[in-house]
Amino acid sequence: MPLRVRLTLWYGTVLALVLIVFSVVLYAITARNLRDTVDESLEDTATTAVRLLETNGFLPLIDEDVLLSQFPELTRIDKFFQIFSPSGTITIRSPNIKEHEVPLSRTALDAAFAGKSIYESAKYPKEPPLRLISMPIMYRGNLLYIVQVGTSMESVGETLHRFLILVLVAIPIALSVSLAGGWFLAGRALRPVDRITLAAQRIAAGDLSQRLSIPVAYDEIGRLAATFNNMIGRLDASFRQIRQFTSDASHELRTPLTVMKGETDLVLRKSRPLEDYKAVLESNLEEIDRMTRIVDELLFLSRADMGEVKVESMPVVLQSLVEDVHRQAKLLGQERHVEVVLGTITPVIVQGDDLRLRELLLNLVENAMKYSNPGGKVEISLLRDGQEARLSITDHGIGIAPADQKKIFQRFFRTDVARAPTKKGTGLGLAICAWIADLHKGRVEVKSALGQGSTFTVVLPLVTLPA
Ligand code: ADP
């Protein structure tokens, strides 16, 4: 069922209930008030009659004509009166009560003996109900007479009946008008949702560059649209990233394949000395190595993305790790004519995976050597700064332009200077470094000037040993 229908139905049901309860309560209060008014007027009349009898000295032989002439109200069409003796027999009754007897009830008699007035309702077939008051006249503690005044409830009944008809007509009218209003308002309130749905359908059809127009009022609908736009934006960005990544990856793999194919084609064109074939095969092997590295690193990153890489969490003594990597790098440096030296080394312990941290450091040191000029120097230092370990690798090589310093952590990004044929990289190493640092709740910072060298600093939180 559409939301608009549901909202209107809910609203209508609640309103109908409220109207019904309200009318019932109003009806009850009105009925009660009308009866009270009748009772009051009955009491007034009865009191007047009693006073009249008193001024006449309670004469048992009350003259009906005298009474009526002195108290004309008693003869009025809507009221009748009777005076009973204590035995319950009628002594006097007004002339307007001719049709039938209205005897004194047992309860009224008992109440009179107790000296109390009492109200009663009486109903005779085919006649409007009657309302009666029976009031005792006492003299020195004895019951002399009982004055009963009565009236027909016809006009009260009519008033209530008119009220009922009015309510029965008014409720449906009020209800239909409000339902129409509710239907209109619900439609208005939900219109932006329809617009959002349509726009979302267009976006779902494939155009991720589309955005919803956010309503002027920043209400629930506005927030929904903004959240939706935000989500589309992120989807758009990640789709773009995936497309970029795929094209980068294919490009990176294609270059070595092109080189291998070119060289192989060339060498096969005519028969050549054995050394030529050997040279081509060696060159091919180099390219194959590079491709293997790319594929390995890609595989590693995609497994890391999916959370499938296992990592230890053990205390790692960083200074011994640094010394190991330094020993390894010194040998590699000799081949490349780069000197790798240790700077200040402070003993620090961090929490994490020894192998991954080793990989991280080795990656950075290899980069430093790769992007150093021949005869250059690479320095590794380890410092402690507050609750952080700072492991820095400084080189004096090609450097990185400020604009590129953020991008070098992206997959496959390589600066133009780094693309020189002599520097064989994959563009994935720093992405892996950033991932490892992140895993250890740390980060990799870069300070660099183009042509002057770079400092990469790994910042890791220290192990807080229990005191
Ligand atoms: P690569 O395999 O190309 O070295 P990395 O992800 O390790 O890939 O590095 C990405 C890019 O960052 C490099 O291609 C290079 O442009 C730049 N870079 C990294 N380290 C250095 C450094 N020490 N000096 C200058 N440029 C660097």
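Just so you know, all these numbers are worked out from the coordinates, no wet-lab data involved. Worth saying up front: this structure is predicted, and the values here are computed from it rather than measured. Heads up, the Cβs are rebuilt from the backbone with ideal geometry, glycines too, and the neighbour counts pull from every protein chain shown.
One table, with the values for the structure above:
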| read-out | value |
| --- | --- |
| Phi-based couplings in Hz for region 44-53 (Karplus 6.51, -1.76, 1.60; Gly and Pro marked x) | 4, 4, 4, 4, 4, 4, 4, 4, 4, 5 |
| Positive-end extreme of charge dipole, the chain - chosen from PRO374, VAL18, THR415 (charges on Cβ) | PRO374 |
| J(HN,Hα) series, region 449-460, from Karplus relation 6.51 cos²θ - 1.76 cosθ + 1.60, nearest Hz, glycine and proline x | 10, 4, x, 10, x, 9, 10, 9, 10, 8, 9, 10 |
| Given LYS261/LYS424; LYS310/LYS424; LYS261/LYS330; LYS310/LYS407, the pairs whose alpha carbons are separated by over 24 Å | LYS310/LYS424; LYS261/LYS330; LYS310/LYS407 |
| Shape of region 279-374, Cα gyration tensor, a/c cut at 1.5 | oblate |
| Unit charges on C-beta of K, R, D, E only; dipole of the chain, Debye | 1500 |
| Of GLN452, THR227, PRO192, farthest towards positive along the dipole that unit charges on Lys, Arg, Asp, Glu beta carbons give the chain | GLN452 |
| Whole-Hz couplings from phi, Karplus 6.51/-1.76/1.60, listed for region 118-127; x for Gly and Pro | 9, 9, 9, 10, 9, 9, 10, x, 6, 9 |
| Net dipole in debye of region 222-333 [+1 Lys, Arg Cβ; -1 Asp, Glu Cβ; about Cα centre; nearest 20] | 420 |
| Placed amide H near PHE412: partners under 5 Å, 5+ positions off or other chain | LEU428 |
| Inter-label distance for ILE288 and THR246, nm, one decimal - labels placed 7 Å from Cα along Cα-to-Cβ | 2.9 |
| Within the chain, helix-based [θ] at 222 nm, where runs of 4 or more DSSP H residues each add -39,500 (n - 2.57), nearest 500 | -19000 deg cm²/dmol |
| Amide proton proximity set for ARG384, modelled H, under 5 Å, gap of 5+ | ARG390 |
| Prolate/oblate/rounded call for the chain, Cα gyration tensor, a/c under 1.5 rounded | prolate |
| Mean Cβ count within 10 Å, highest first, over the residues of peptides 236-245, 388-397 | 388-397, 236-245 |
| Cβ-derived FRET efficiency at R0 30 Å, VAL317 paired with THR455, nearest 0.05 | 0.80 |
| Student exercise, region 325-467 dipole from Lys, Arg, Asp, Glu Cβ charges, in Debye to nearest 20 | 300 |
| Positive-end residue of HIS251, GLY352, LEU321, charge dipole of the chain with Cβ unit charges | HIS251 |
| THR91 long-range amide H proximity, modeled H, under 5 Å | ILE83, PHE84, SER85 |
| Relative packing of peptides 195-207, 147-159 - highest average C-beta neighbours within 10 Å first | 147-159, 195-207 |
